Amino acid sequence: MVRLTCLLRRKAGTTPAEFHEHWETVHAPLIESLQCGEFVVRYEQHPKPLESYSGDDDPGFDGVTLQWFNSMADYEAHMAASDFGTMWQDIESFLDVSQLHFIVTEEPGRLIFDRHEG
């Protein structure tokens, strides 16, 4: 299994609230509905809390997305799917694509410790 981890930054002129709304209510359902999304085994959104912004022009990252794929071949098939362009158009509509930082890693990673019980 491989995991895509991507740091996200909203497009200039988009408020944090607008970004979070689009990411959750437009982008997530779009991925789930497209053929390219069929390769995604698990999809998570980790948004920055709205109350932690210093204003609408806060320059930091807006969230992290995690997507799991059964294999590197499935990750590549996801990007090669005929409707990947539709998803990418949506990405360009609300993300600053010049500020996307991502890495694909193998699972399982190294769990150093977990103090969570239950």
Segment 59-97: number of residues that are farther than 17 Å from E21 by Cα, in contact with a helix residue (DSSP H, G or I) (Cβ under 7 Å, 6 or more places away or on another chain) and outside any helix (DSSP H, G or I): 3
Which listed residue, of P108, P29, is surrounded by fewer than 11 Cβ atoms within 10 Å (Cβ to Cβ) and not in a strand (DSSP E or B): P108
Single residue of segment 1-55 satisfying the filter (within 24 Å of G109 (Cα to Cα) and of a type in the set (F, W, Y)) that is farthest from the chain's Cα centre (by Cα): F39
Among the residues listed as D74, D90, the single one being of a type in the set (D, E), under 25 Å from T14 (Cβ atoms) and either surrounded by 13 or more Cβ atoms within 10 Å (Cβ to Cβ) or out of contact with any Leu (no Cβ under 9 Å at 6 or more places or on another chain) (or both): D90
Selection from segment 1-33 of residues that are touching a residue at least 60 places away in the same chain (Cβ under 8 Å) and within 24 Å of M72 (Cβ to Cβ): M1, V2, R3, L4, T5, C6, L7, L8, H27, L30
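We did not get these values from a lab; they are worked out from the coordinates using the rules stated. Since this is a predicted model, take the numbers as computed values, not measurements. Note: ideal-geometry Cβ built from the backbone for every residue, glycine included; neighbour counts use all protein chains shown.
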